[in-house]
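Down below is the structure, laid out as structure tokens.
Derivation of every value follows stated rules applied to the coordinates shown; laboratory data play no part. Predicted model, so just to flag it, every value in this text is computed and none were measured. Glycine gets a Cβ as well: all are built from the backbone with ideal geometry, and neighbour counts include every protein chain shown.
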Amino acid sequence: MSKRAEALASRIEEGAAGLASFAEGLSDADWQKPVRGVRDGRSIGVVVHHVATVYPIEVQLAQGIGAGQAVDVTWEVVNSLNGQHATEFSGTSRMAALDLLRRNSKAAADAVRAFTDEQLDTAAPFGLAYGAPVTAQFVIEDHALRHSWHHLARIREAVGK
């Protein structure tokens, strides 16, 4: 197993655990608060569910890059999917969101552990980087790994903690 892949996977798990731990301590009223800086006024609960939902997609993007394939997903598509998700899961329960967060983050970390150093170093054009040829490691770090940390910071801001 690649030491770098293990380190990336561990950081994915760390970020998800931090988000889950913080979300567990929120009041029901906090769970419903909108998160500033997030499109379409999504609540904290919807944002936690969103992070959980996209782990498999983020890993698939990295796997494509790691295989040397251009990945042509755009921010327009991402924003559309996020809007659809916000509508569909507006009433998500804390238990359902946290369960999905734990399951999908573990699956993402396990998938990242399977990357070889060669795959992590492979670069290909990536639509979310405006076509720049980025490495699979970059995609993992900028998406599956960073995502929970990014939203946790915004959630903390929303509740003043």
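Just a few scattered comments:
- Qualifying residue in the range 121-133 (condition: of a type in the set (Phe, Trp, Tyr), part of a helix (DSSP H, G or I) and out of contact with any Pro (no Cβ under 8 Å at 6 or more places or on another chain)): no
Let's see how each residue does on (1) crowded, with 20+ Cβ neighbours inside 10 Å; (2) in contact with a Leu (Cβ under 8 Å, 6 or more places away or on another chain); (3) not charged (D, E, K, R):
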residue	(1), (2), (3)
Ala16	yes, yes, yes
Val35	yes, no, yes
Ile44	yes, yes, yes
Asp99	no, no, no
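- Taken over the range 23-72, the criterion of being in a loop (DSSP other than H, G, I, E, B) and under 17 Å from the mean Cα position of the chain (by Cα) is satisfied by Val35, Gly37, Val38, Arg42.
- Within the range 73-91, the set of residues being loosely packed, with under 13 Cβ neighbours inside 10 Å and assigned to a helix (DSSP H, G or I) comprises Trp75, Glu76, Val77, Asn79, Ser80, Gln84, Thr87, Glu88.
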